[in-house]
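The values are calculated or read from the model by the stated rules, or taken from the named source; none is laboratory data. A quick note: this is a predicted structure, and the numbers were derived from the prediction, not measured. Note that each Cβ is placed from the backbone with ideal geometry, even for glycine, and that neighbours are counted across all protein chains shown. Quick note on the areas: whole protein, heavy atoms, side chains included, nothing else; ligands and nucleic acids left out. Shrake-Rupley method; radii C 1.70, N 1.55, O 1.52, S 1.80 Å.
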Amino acid sequence: MFVQPELGETLSRIADLGTDGFYRGPVADAIVAEMQRDGGLITAADLQAYRVRRREALSGSYRGYTLYTMPPSSSGGVTMLETLNILETFDKLPPFGSAEAAHVLGDALQRAFIDRNDLLGDPDFVTVPVDRLTSKAYARTVRGTIARDRATPTPRLTTALDEGRQTTHASMVDAAGNAVAMTTTINNLYGSGVYVRGAGFFLNDEMDDFASQPGSPNMYGLVQGERDAIAPGKRPLSAMSPTIVLDPAGQLFLIVGGRGGSRIITSTVQVIIDAIDYRMSLSDAMAAPRLHHQGLPDSLRVEAGGFAPAVLDSLRTMGYAVATGGASATCTAVMRTDGGWVGVIDPRTHGGAVGY
Ligand code: DON
């Protein structure tokens, strides 16, 4: 049994004092004391100097639907929009569950992740070509590199490490139709494992979202480049993908996001295309088998039992290194229905949907 009584006090302080309730005063003192106890690096001056950055949501479109999603320093929005733009160059996606559909989606994800891993980072520190990567013209160029019936190897091979887990995504809508898609993360399970005594929470291990050694895989197997290298005051490249989708009439359609490291991006994209292209109900879209490609390691990961053996054989023949497992994040979503809303939690995890 793990009880965090001090967390209530910390949250009350934040409610009363805003950021000063966390970055100054007793909570900050407790963090600094924890740092000193364990040889950590963060000082009171670091905490006082920290500023939240408010950035404009990234927007894009997909088959007449409008998406609002997370800008850098998350890679989620750019990578999802690039993927969806590539998919949109196909008038119609191949039938759900077919080898052709897995190929098209796998290659679109792979191409978007190759760009993600190489070109994205904190825009306060590096130039991020957001407009180019999310443009329809660029997607058409990338589409031209996707062969009809064969995989394209990702440059530079490497090995994946174990994946970790522990992030939370919430999708919300109120009676007036105001929507919030919110993801928060301390990265791995229990973050760094360092608990701030007296303040009631764990410190994160977000340093792993940087390319701590550009070219070497992080805990999600992501191989990222120089633009995501560590620097003082810099924010690491995230995969968080909180997204709000409007239908072609401009009405709120879907609120979605997830947890699961790099799989957040690929699973959120799949919930969106399952809803828009395959016209699935939200519960079907949340349960539908998923796949994952992140450029490197150069493999197409599929959920166990999710794809017919003949489909997997076809994918291998096309040249994919098909791997089973580690193919999905867990998402939460809310979708408009006739006369109301439906909320669904990913059946791969625990949790639930509630209405008030
Ligand atoms: O921001 C990111 O991309 C990671 N810190 C997310 C980690 C994560 O989703 C782990 N959870 N299951």
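What is the residue count in region 192-204 for residues that are on the phi > 0 side of the Ramachandran plot and buried (at least 18 other Cβ atoms within 10 Å of the Cβ)?
Going through region 192-204 one residue at a time, the tally reaches 1.
So which of A30, A45 ends up being in contact with a Gly (Cβ under 6 Å, 6 or more places away or on another chain) and not polar (S, T, N, Q)?
A30
Do you know which of the residues in region 317-331 that are closer than 18 Å to I345 by Cβ and either open to solvent by 20 Å² or more (accessible area, probe 1.4 Å) or not assigned by TED's automatic domain parsing to the domain that holds Q110 (or both) is nearest to the ligand (Cβ to nearest atom)?
T330
From the list R24, R13, which residue is without any contact (Cβ under 8 Å) to a residue 40 or more places away in the chain and more than 23 Å from P232 (Cα to Cα)?
Just one listed residue meets the conditions, R13.
Among the helices (runs of 4 or more DSSP H) lying completely within region 9-119, list those that include at least 1 residues that are crowded, with 23+ Cβ neighbours inside 10 Å and over 16 Å from the mean Cα position of the chain (by Cα).
Helices (runs of 4 or more DSSP H) meeting the threshold: 26-38, 76-88, 99-119.
Could you run through region 336-356 and say how many residues are out of contact with any Ser or Thr (no Cβ under 8 Å at 6 or more places or on another chain) and either of a type in the set (F, W, Y) or open to solvent by less than 30 Å² (accessible area, probe 1.4 Å) (or both)?
Total meeting the criteria: 3.
Among (1) in contact (Cβ under 8 Å) with a residue 60 or more places away in the chain; (2) within 16 Å of the ligand (Cβ to nearest atom), there is one condition Y68 misses while meeting the rest; what is its number?
Here Y68 clears every test but (2).
If you check T152 against the conditions, is it within 12 Å of the ligand (Cβ to nearest atom) and modelled with pLDDT of 95 or more?
So T152 fails the test.
Residues in region 280-288: is at least one within 16 Å of R150 (Cα to Cα) and out of contact with any Gly (no Cβ under 6 Å at 6 or more places or on another chain)?
Checking region 280-288: not a single residue is within 16 Å of R150 (Cα to Cα) and out of contact with any Gly (no Cβ under 6 Å at 6 or more places or on another chain).
Under the condition of being outside any strand (DSSP E or B), open to solvent by 10 Å² or more (accessible area, probe 1.4 Å) and more than 16 Å from Y220 (Cα to Cα), which residue from region 237-269 is farthest from the ligand (Cβ to nearest atom)?
In this case the residue turns out to be A249.
Given the options M280, M207, M172, name the one that is open to solvent by 30 Å² or more (accessible area, probe 1.4 Å), within 11 Å of the ligand (Cβ to nearest atom) and among the aliphatic types (A, V, I, L, M).
Checking each option against the conditions leaves just M207.
Considering only region 226-236, how many residues are within 16 Å of the ligand (Cβ to nearest atom) and surrounded by fewer than 24 Cβ atoms within 10 Å (Cβ to Cβ)?
Count: 5.
Among the numbered criteria (1) out of contact with any Asp or Glu (no Cβ under 8 Å at 6 or more places or on another chain); (2) among the small types (G, A, S); (3) assigned by TED's automatic domain parsing to the domain that holds S299, which one does S73 miss?
(1)
Here are some conditions: (1) within 16 Å of the ligand (Cβ to nearest atom); (2) farther than 19 Å from E100 by Cβ; (3) assigned by TED's automatic domain parsing to the domain that holds D107; (4) not in a strand (DSSP E or B). H350 meets all but one. Which one does it not meet?
Unmet condition: (3).
Say we look at region 180-191 and pick out the residues that are surrounded by fewer than 19 Cβ atoms within 10 Å (Cβ to Cβ) and of a type in the set (A, V, I, L, M); which of these is farthest from F253 (Cα to Cα)?
That would be L189.
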